[in-house]
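The values are calculated or read from the model by the stated rules, or taken from the named source; none is laboratory data. All values reported here derive from a predicted model rather than from experimental measurement. Using ideal geometry, Cβ is built from the backbone for each residue, glycine included, and neighbour counts are taken over all protein chains shown. Areas reflect the complete protein model, heavy atoms only, side chains present, ligands, DNA and RNA absent. Shrake-Rupley method; radii C 1.70, N 1.55, O 1.52, S 1.80 Å.
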Amino acid sequence: TRDAIVASVRASVERRLERYATDGAYSLADLCGMEEAWEWANGLVSEIRLAQAGKMSWEDIEHRVILSGSRGVGKTTLTRAIAHAAGLRYVETTASNWYSTDSEPGLGWARLNAGFQEALAAAPAVFFIDDMEAFNSQPWAQLLQHFLEHLKGLSAVDRLVVIAGAQDADNVRLELRQRGGLETTLAMPAPNSQALARMYAVMLKNTPHTL
């Protein structure tokens, strides 16, 4: 009905915004065992805050990075924590979804483009793209140049930090790691037993345990 239009639109917008919220993200202080990546994350948050205060250009932020590590080491967790600490929205996708079919040859291009458009619409935001190794095989390989064009087309006014995930940086195509692409690669090793104990203690919070 006419009276319900505003309420309906508001509910739709709130559902969409919930996808980008980081209310349930961990604090950077609670994460451990990530070594170099953790140090970089704290520096990145400081740079974003300076840019938001107008004391630094977004162009000078190290905003195109590959986090390399096996599944489960915390690439997504760290990226969400960065967005939370910096007060940015969080948009997540995976390159594995950017595939085409024989019946729909342009589907991969459309999905890749939609991912970037969503991230730009949510900006200022952190855009996390997992499974970068997908570009090694067809039909993803034919999207490589299109993906790089999107990266190179980003500017300071877009206020978008792009963080990619890969299990092994050596399996990420060289073109993606060169200037104009995802220029920095940070390794995330598997946590040792002490780091795991601290992480589980944070996750369990007030639940009794014997760690």
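Ranked highest first by the average count of other Cβ atoms within 10 Å around their residues, in what order do 190-202, 122-134 fall?
Listed from highest to lowest mean packing, they are 122-134, 190-202.
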Dipole-positive endmost among Y200, N171, G108 within segment 105-211 (Cβ charges, Cα centre): Y200
Volume per residue that the Cα convex hull of segment 78-161 spans, once the total is divided by residue count, Å³: 82 Å³
J(HN,Hα) series, segment 43-60, from Karplus relation 6.51 cos²θ - 1.76 cosθ + 1.60, nearest Hz, glycine and proline x: x, 5, 4, 4, 5, 4, 5, 5, 5, 5, 8, x, 9, 7, 7, 4, 4, 8
Potential lengthening between Y200 and N42 on full extension [0.36 nm per residue; Cα-Cα distance subtracted]: 54.7 nm
Per principal axis, descending, Cα span of segment 1-104 in whole Å: 55, 45, 29
Segment 95-140 pair-distance distribution - Cα-Cα, 10 Å bins, rounded %: 27, 49, 22, 2
DSSP-assigned coil residues among GluC sites (Glu not before Pro) in segment 1-104, each with at most 15 further Cβ atoms within 10 Å: E35, E62
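Under the 0.36 nm per residue contour assumption, what length would be gained going from the current alpha-carbon distance of E35 and S96 to full extension?
19.2 nm
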Pairwise label distance in nanometres, R49 with A190, each label 7 Å out on the Cα-Cβ vector: 3.5 nm
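Taking the solvent-accessible surface of protein heavy atoms with a 1.4 Å probe, what is the per residue accessible area of the chain in Å²?
54 Å²
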Length gained when the stretch N136-N171 is fully extended (0.36 nm per residue, less Cα-Cα span): 11.8 nm
Order of exposure, largest accessible area first, which applies to D60, D23, D102 with probe 1.4 Å: D102, D23, D60
Surface/4 estimate of mean projected area, convex hull on alpha-carbon atoms of segment 130-211, nm²: 8.3 nm²
Volume per residue that the Cα convex hull of segment 1-50 spans, once the total is divided by residue count, Å³: 97 Å³
Rg to Rh, two decimals, where the chain supplies the alpha carbon set and Rh follows Kirkwood: 1.01
The chain, accessible surface, carbon-and-sulfur percent (1.4 angstrom probe): 49 percent
